[in-house]
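This report refers to the structure that appears directly beneath it.
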Amino acid sequence: MMTDETKDTPTDQGSESAEEKSPGKPSETTAQAGPADTVGADVPEKAAALPPEAGSVLPAEELEAKVKSELPPDEKVKTEAKAEDALPGVDKPSLTPTVEGASEKGAPAAPTKTEPPSHEAAPPRAAAAEKPAPPKAAPAAGHKPTPPARKGPVITVDITGDALIDGIRQRFSDAITEAVATLGQQNIRVKKESLIELCRYLHDDEEALFDMCTDVTAVHWPERAGQEFDIVILLYSVPKNRRLRVKASLADGEACPSLASIWEGANWMEREVFDMFGIRFEGHPDLRRILLPSDWPGHPLRKEYPIEYRDNEWTDKHLDYREIDFDTSLIDVKYAERR
Amino acid sequence: MQLLLTTLLLVAPDWVVSLTRERRPNLFWAEYIVWPLIQIVIVIFIVLTLVAYLTYLERKVSAFIQARLGPMRVGPWGLLQPLADGIKLLLKEDIVPIKADRAVFLIAPVISVVAALVVLSVIPWGAGWATIANVNIGLLFVLAVSSVGVLGLVLAGWSSNSKYSLLGALRSSAQMVSYEIGMGLSIIGALMFARTLSMSGIIDAQQTDTLWGLGYFLYQPLGVLVYLTSALGETNRAPFDLPEAESELVAGYHTEYSGFRWALFFMAEYASMIVTAAVAVTVFFGGWYFPGLGLVKNPTLYVFLSVVIYALKIAALLYAYMWFRWTWPRYRYDQLMELGWKWMIPAGLANIVLTGVWYVLALPKAQGGVFGLMHEEKGRLIPTKFSGIAYFVVTGLFVTIPIVWGLLANINRRSRDFNLHEQRQLQMQLRRERLEKMLQQPASSQATEGVQ
Amino acid sequence: MQEQPIVKQETLFDAEEMVLNMGPQHPSTHGVLRVILKLDGETVIGLDCDIGFLHRGVEKIGEHDTYAMITPYWDRLDYVAAVSNDLCYVEGVEKLLQVEVPKRAEYLRVVLTELQRIASHLLWLGTHAMDIGAVTVLLYCFREREEILKIFEDFIGARLTAHAFRIGGLWWDAYPEFEKRVRDFLKILPGRIDEYETLLNANRIWLQRTVGIGILPAEEAINLSLTGPPLRGSGVKYDVRKAQPYSAYSDFQFEIPVGENGDTYDRYLVRMEEMKQSALIIEQALDGLPEGPVMAKVPKLIKPPVGDVYHSIEAPKGELGVYMVSDGTGKPYRMRIRPPSYINLQSLKRMSIGHLVADVVALIGTLDIVLGEVDR
């Protein structure tokens, strides 16, 4: 999405970086060492003040044309033919997991994925765990100019008949918006307000006993207005040898309760989520950037952060590099000051 | 080159003496000025070359222990490597930190090196005239002057104006001082037999006291062990080299030194290594004597052979030092100090007491002893052949060591690190048994399918 | 659990605290790791890790490359054990695609992965022993590792960052002398491991440096999300190969070594035993190596169905996992790497407070971190 636009001439970079400064940024540029005072220093209020070519979501036709041009030509033919081998009785995979209601009705906001939300009763989880015979090539979902009628296999099915999930559902009845299994891996989606309570329950309850937090991460869905981020928590129970995924969705700028008080291992995981996505965690003992320098602007794993973006405030301040003009003789090197 | 010099050494005395006697009637110049100067020059030249080649030897020995070859390129088999290293160090930029105390900074390595080299004057490199100064408090002189080297260390750390250099210097110096006490105590046991502090005198005593002149290690195995350990601690060699190890956080005292000044510190360290090895050989291993040397009648050949034997014994001990360095991990600083103060010093003291007890018990009946296993000969008390010797060997090995071991175990019983091996052996054995039992179970009971 | 920020001290003889910086360039930090220590004399009272020097944005790249193009990036994560990293990722994609890998490929994958585990543990042992002072062990371990790397070079084409596995199997079959060379190596390995154990196991200096250092009880270890040998050293018998078997591991019989006290010595024993168990697995795999193809039929353009999946393996450093969200296109929507070294490094603070400065080096070594994985 950002291949051509970022190859700017040097003169444009200056104005770009001026645009880059997000509003309301505190003016501490010198102190880089204090670990406790950079919480909140570099989270922009909105992910809005990025250069226009910084890869926002393109309109549908442009994106499709772009994607189509990237595909090798014969693949399209193959996928058209192969689509007939789609699993009978299964219509459409839901692209974005649903955020309201426990059904699989996809309400995707992405312009490219405009499948009609029709979906039949899924086979129970046991069948899904047996890996129903799939076609060898996963058919393309949405890489055709017209919305296709037939889709690839659905690997996400509702969970039925599991004691633990039923217990959770009973206890947190309306907070659990979805409990599905993907290829045998159980997912439950919970509302953010009940997240910490659910996690405590999962940690303490004797049926659950999820004592190890395997991972805490986030996924950015910019098309879902109001629910842009998915916090994904992977849990593992050592005594019961059982995995579970808990998902909660957040709006952009909303903070998430911190799990570091329940699982100490979630400490650095949440710091990395904050570093990469800008999601703040309430109650975290030491929320600051971990992988990037403490005064780095922006959060890279957001979808609008371009992959080839090289120059920003931080590099202006800290990296002193020179543009070398190789046309002249090697002895005589021209330096262009970057300040 | 060495051969030429040693030959010179052999031929020189008569010629020089005759020369000087003819020219000047005063023997003073010959005996006390000219001849010692020649000796000093020769010894310093040889020892410094030896120090340089000791670095080469260290690299080769370590390489061979580590299944590789070491320096091979510079000269045949890498023999010119020390020369290349010396030239490189001389040509390096001489950096003096700006805020450093310049005068002290410049003089500190000199103090270290001088202290290490002055000691060489009393060491008996061979029989007869092959020692520069045969002082009759030779051993005390050695211990005293080598302590002066610590001053150079502390001054270096202080004048570098670096927090970490200072801390490193203080740690190094504290370690050196602690282990010097151990060194001093451990040789007193042997001195009880020798009854003299003169280095040549100790060697002569060993020829008569011990079996075939092998050395006091027969009677003082504990003394040997304590001395060797303390010598490693004194010279900051592994396993006691934490203050100067590269992977440690606090840098050593020589961090700010570059070029030849650093080489001076290095030389001081290796020279003190040679000195401590020489003292060990002198006091415990018979010095330049070897059973059968008495058969040589030609005096110059005698001296020549004695020098060679001395050199070989020192070389064996230095090889052992290098072997230890490349085999063992290093102690942490607090464990190091604990070893020095709670193990070496009590062992040294106990050794003195117990040796005294055995000695007094073995005195001749006329002098108040009980067993009477010694007799007067040429004005000295020496153990009688075979019964006295056997008595001292048995008491030194089989009585002293268990008593001291029990004493040390009791002193250190409550320390956290005491006898970790014992603590872990039981655990390892239980683990092994558990593993064997589990491996014999059928495979079906082992794998557990989980929800992935 | 509010934390006090680390205070800068101005003069040398100020009060009790001193801040010491174990900088990014240090012989013992196994890479570019910066550790800021707050000391009281020689005792560590606070520790902070400053990481990110090797951050290359692999997860971002993972959203912009096709599935097959991403595989080589995984080698560079834990560059010491590249082959097992690949296994995690390709198995994750194969899970999404629901592709069945041929049995021969699975067995060969197991052989290569276990060889890589031995190589990684050898490097760990060498560097750990060197940090504590036994330098010779480093050279010996590299001698053995050299043999393994030669086998890799002849099979895969590269020694260190070997792009060994493809989605669907292996690219090439084993070369004719492969089995013989691996068996020859397995013949000399037990003797060499005995050599290392003789040098270190009962050495009183080694014991004094490792016994009782960095004790983590089992519950705390689980709470800190430790995985791999640090967790097993604390007594928790969790190994992904046994708990949630992947590849062909359920066909083999092997034991999981578990420590008791959770100190550095136990973690050392666990890794030594793991090397021996890996040798057992390789032998069983070679004995039962089936014939057949080594590559499944996988389309040229890999487009898994929509969904998300988490797959993890037991890498030499711990539980290496991939959480992949697929949106049906040829590129992942989100590729999250669950890095064992990063998560294990959290426990460094907990383990070193109360110990001396010289122990911090031993603790970094015992956690066995590789900065490529910590920073990604």
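Bear in mind that the values in this text are calculations on the coordinates, not laboratory data. This one's a predicted model, so the numbers in the text were calculated from it and none came from an experiment. No Cβ is skipped: glycine too gets one built from the backbone with ideal geometry, and neighbour counts run over all protein chains shown.
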For chain B: relative contact order, % (alpha-carbon pairs under 8 angstrom, 6 or more apart): 17 percent
Label point distance in nm, B:W77-B:T49, each placed 7 Å from Cα along Cα→Cβ: 1.6 nm
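Can you tell me how much longer the chain between B:V118 and B:T300 gets when fully stretched, taken as 0.36 nm per residue apart minus their C-alpha distance, in nm with one decimal? Intermediate results must be reported in sequence, preceding the final value.
Numbers: separation 182, 0.36 × 182 = 65.52 nm, distance 2.60 nm.
Going from the current span to full extension adds 62.9 nm.
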Segment B:92-334: C-alpha gyration tensor shape, a/c 1.5 cut-off, then a/b vs b/c: prolate
Dipole of chain B [Lys/Arg +1, Asp/Glu -1 at C-beta], most positive-end residue of B:V145, B:L4, B:P221: B:P221
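Calculate, for B:W405 and C:R181, the FRET efficiency according to 1/(1 + (r/R0)^6) with r their C-beta to C-beta distance and R0 45 Å; round to the nearest 0.05. Present the calculation step by step, with values, prior to reporting the outcome.
Numbers: r = 50 Å, r/R0 = 1.11.
In this case the efficiency is close to 0.35.
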Long-range lysine pairs (8 or more apart or interchain), chain B, Cα under 21 Å: 5
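How would you rank C:H64, A:H299, A:H203, going from fewest to most other Cβ atoms within 10 Å of each one's own Cβ?
If I rank by nearby Cβ atoms, fewest first, I get C:H64, A:H203, A:H299.
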Alpha-carbon Rg/Rh ratio, for segment C:58-343, with Rh computed the Kirkwood way: 0.97
Pairwise centroid distance, computed over Cα atoms, of segment B:261-290 with segment B:390-420, Å: 28 Å
Rounded, prolate or oblate (a/c below 1.5 giving rounded, otherwise prolate when a/b exceeds b/c) for segment C:255-376 by Cα gyration tensor: oblate
Rg/Rh (Cα only; Kirkwood hydrodynamic radius) as it applies to segment B:338-418: 1.13
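What does the helix-only formula give at 222 nm for chain C: each DSSP H stretch with n ≥ 4 adding -39500 (n - 2.57), the total divided by the residues, and the result rounded to the nearest 500 deg cm²/dmol? Let's see the in-between values first.
Values: 15 runs with 177 residues, N = 376.
Computed ellipticity for chain C at 222 nm equals -14500 deg cm²/dmol.
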Cα shape, chain B, gyration tensor, a/c 1.5 rule: oblate
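Are there any GluC sites (Glu not before Pro) in segment C:133-238 that are in a DSSP loop and have at most 15 other Cβ atoms within 10 Å? List them by number.
Values: sites: C:E144, C:E146, C:E147, C:E153, C:E177, C:E179, C:E195, C:E197, C:E219, C:E220; in loops: C:E177.
Answer by residue number: C:E177.
Using the count of nearby Cβ atoms within 10 Å as a rough guide to exposure, how do C:R159, B:R330 rank from fewest to most? Please report the intermediate quantities before stating the final value.
On the way: C:R159 16, B:R330 26.
By the 10 Å Cβ count, ascending, the order reads C:R159, B:R330.
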Rounded FRET efficiency, nearest 0.05, which uses the C-beta distance separating B:Q429 from C:I188 and R0 of 30 Å: 0.65
Packing-based exposure ordering (other Cβ within 10 Å, fewest first) of B:L339, B:L106: B:L106, B:L339
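With +1 on each Lys and Arg Cβ and -1 on each Asp and Glu Cβ, and nothing else charged, work out how big the dipole of segment B:174-306 is about its Cα centre, in Debye to the nearest 20. Working shown, then result.
Working: 4 positive and 10 negative charges, 121 e Å.
Magnitude of the dipole: close to 580 debye.
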